[in-house]
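First comes the structure, then the notes that go with it.
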Amino acid sequence: HFQQGWMFKKFGPDEVRDKSKVKSSQQRAIRQAIQEQFPRLDPFLEQIIPKKAEIQVAKCEGKINVIMVEDCPVFYNIRDGPYYPALRILHQYPEMMPTMRVDAGAIKFVFSGANIMCPGLTHKNVVAELAANPVDNNTPVAILAEGKEHALAVGHTQMSSKDMIEQNKGIGVNVVHCLNDGLWKCPKLV
């Protein structure tokens, strides 16, 4: 149910098919879904999606829904799938979701739009962190680079962290949003 590869590689205002203001009942449903998916965000949710703010949903190519507060993308999902934070939100609230770290050699591949292969997550410089923070299959995760504190990408796991370590081959994380992709370059969708 996910597109292969990078959702926002070629993203911009032209990809938006329809942008509409969200009714208060729909706004409550969106807030509740995000609150349930990211419980660590609970004390900050009012700052990110204020109850009194105008919230819009931009319906984009590929069945992507971008949730916006005052034209700024804050979360997105595909169809009715799980929500992912825009990297600007993730940088403000880095503890909001599980993290995985890639070794330095994988960084350039992530920036070029590649999914993250298991060896990039199980390299000797980062495998201890992966083992200490288990993650299930099909979980939205923040991707951090070795030695960095802010996420360079957001994705979802293709297998559990345990399987990544044991099998050490194949795609570990499907990348959906990355620094310098189209969504990053659109801090506002007007």
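Annotations for the structure displayed:
- Restricting the stretch 105-129 to residues that are open to solvent by 50 Å² or more (accessible area, probe 1.4 Å) and touching a strand residue (DSSP E or B) at 6+ places or on another chain (Cβ under 7 Å), the residue that is farthest from G182 (Cα to Cα) is E129.
- Applying the criterion of being under 22 Å from V74 (Cα atoms) and open to solvent by 40 Å² or more (accessible area, probe 1.4 Å) to the residues of the stretch 130-161, the residue that is modelled with the lowest pLDDT is E149.
- Just one of (1) surrounded by 17 or more Cβ atoms within 10 Å (Cβ to Cβ); (2) modelled with pLDDT of 90 or more; (3) more than 22 Å from E36 (Cα to Cα) fails for C178. It is (2).
- Selected residue (criterion: nearest to H123 (Cα to Cα)) from residues of the stretch 88-108 that are part of a loop (DSSP other than H, G, I, E, B) and touching a Leu at 6+ places or on another chain (Cβ under 9 Å): D103
The values are calculated or read from the model by the stated rules, or taken from the named source; none is laboratory data. Keep in mind that this is a model prediction, so the values were computed, not measured. Backbone-built Cβ (ideal geometry, glycine too); neighbour counts: all protein chains shown. Side chains included, ligands, DNA and RNA excluded: accessible areas come from the protein's heavy atoms. Shrake-Rupley method; radii C 1.70, N 1.55, O 1.52, S 1.80 Å.
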